[in-house]
Structures are given as structure tokens and as C-alpha cells.
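See structure below.
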Amino acid sequence: MSGLPPISASTARWRARLNDLKQRLNAYRYDPAFPDEAGALHCCRLAMTALEQGCRGAGAILISGHGQMLLQDHDRVFLGGFHPHRHAEMGLLEQFEGRGFDLDRTGLTLMTTLEPCPMCLCRSLGHGIGHLRYLVADSEEGMAQTIEQLPPAWRELARLQTRSPADISPELRALAKDLAFAEQAQLQRRFLNHIRPDN
Ligand SMILES: [Zn+2]
């Protein structure tokens, strides 16, 4: 961990940032005029939990075709060690595999705070998840908006899924963005320090 500023709740700046985000989250009242608000707000609460645990502020839920929340998870990359694959969506899809759901997959919606990365997006395609809704676009790491860059077989699979930003208020989207990108530079340094500790 040489030369790496640790993410720690003991630092005043980080504590203040967390408190600010938590206050905004607790004060937010969801707007029923936007159909994805309730699920999106729950995703944001999951993202807050991830941030409090020193991970990226990202959360995900799986919703049935009848609007029932089936599964949830949040980012756990730095929780109890280093797990580069443990994005919110990956944890959720691991649960999905374990449950052996007998569901109409065309009706399933994966809702995420942050546009999924290639790894998570392709896993959602592999499971035939019908819809993907993300609160915040991510032009640096996200793949939902750049499907045409996938290999042909994956592009074909992607035709079975709809992908779009969640229908939520601008205020909630701004909050989700601040959660997702809080301390991002420090998290990236921490990640690189794990895989290239001598650099
Ligand atoms: Zn991912």
C-alpha cells in the first residue's frame, strides 16, 4: 500500500463527504411522476452502503416483470480484501445463478446506479435479462451505450435486451452520480496498487 492514501472513515474530509451524501439521500423524497424512482432510490441506498464500506458507490437490484424486487447487491471490491470482479451487478447475478429462478427472463429488469462495465453487461446478457436500466451513464467504463463494439455473437445476444437510462428525476440522477463518482481517483489508485504494487 506504499504511497497510497488509504480510504478511511477516520479522515475528516471523507467523513464530511459521506455525511453530505447520506443527508441528501435521507432527505430525498421519491417522485411518483417518474416510474423508476422507487427502485432507483433503493439502488442509491445500496450504493451508500458500499461507499461506507470503502467501496465504489454502486448498487443494483433485479426486478420481476410484475415489479417485485427479487435481488439486490452493492459493490464489494475492497470489502474484506480485494475482489476485482465483485461489482454490484456481479454479486446480484451470482445470487441469481444460485437461486435457480424459474422466471420469464424477458420480463426481468436489472437496475443499476451506474452504467455496467463490459464484464457485468455480458453476464447480464448471458442470463437473458430482458431489460437494463441505469441511473448514471459512464463513458469511461460503461458498455451499455457502446454495444456495437462487442464481438458479433455478443451483439446478437444484446438484441434480446433493451438498455436505457432509468426514468427518474434530475435530482435523484445527480445524487446517484455523486455516489458513483465519490472518491473515484482514490479508488482507482487503490485498485492499481493491488495489481501493480511496485509502480
Ligand atoms: Zn461491472
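Derivation of every value follows stated rules applied to the coordinates shown; laboratory data play no part. None of these values were measured; they are calculated from a predicted model. When we count neighbours, we look across all protein chains shown, and the Cβ atoms used for this are built from the backbone with ideal geometry, even at glycine.
Placing +1 on the Cβ of every Lys and Arg and -1 on the Cβ of every Asp and Glu, with nothing else charged, gives the chain a dipole about its Cα centre of roughly 500 debye. Could you work out how far the C-alpha centroid of the stretch 45-86 sits from that of the stretch 104-138, in angstrom? Rounded to whole Å, the Cα centres lie 13 Å apart.
Summing Lys and Arg as +1 and Asp and Glu as -1 over all other residues whose Cβ lies under 9 Å from the Cβ of Arg133 gives a net charge of -1.
Converting the Cα gyration tensor eigenvalues of the stretch 12-193 into ellipsoid dimensions via √(5λ) gives semi-axes, longest first, of 25, 19, 15 Å.
Just Ser64, Ser164, Ser139 to compare: in a GNM of the chain, with alpha carbon springs under 10 Å, which one fluctuates most? Largest GNM mean-square fluctuation: Ser139. Distant-in-sequence amide contacts of Tyr134, defined by a placed amide H-H separation under 5 Å and a gap of 5 or more residues or a different chain, comprise Thr112, Ser164, Ala166.
Axis angle, to the nearest 10 degrees, between helix 37-52 and the longest C-alpha principal axis of the chain: 30 degrees. Report the one residue of Leu121, Gly107, Val136 whose Cα lies farthest in the direction of the positive end of the charge dipole of the stretch 87-168 (charges on C-beta: Lys and Arg +1, Asp and Glu -1; origin at the Cα centre). Of the options given, the answer is Gly107. Restricting the calculation to Cα atoms, every distinct pair contributes to the Kirkwood radius of the stretch 68-111, found to be 11.5 Å. Note that the stretch 126-131 has calculated 3J(HN,Hα) couplings of x, 8, x, 4, x, 9 Hz, one per residue in order, obtained from phi through the Karplus relation 6.51 cos²θ - 1.76 cosθ + 1.60 (θ = phi - 60°); glycine and proline are x.
Taken one residue at a time, the phi angles of the stretch 93-104 give Karplus couplings (6.51, -1.76, 1.60, θ = phi - 60°) of 6, 4, 4, 4, 5, x, 7, x, 4, 9, 10, 6 Hz. Gly and Pro are set to x.
The 3J(HN,Hα) values that the Karplus relation (6.51, -1.76, 1.60; θ = phi - 60°) gives for the stretch 65-76 are, in residue order, x, 9, x, 8, 6, 9, 9, 8, 6, 9, 4, 9 Hz. Gly and Pro appear as x.
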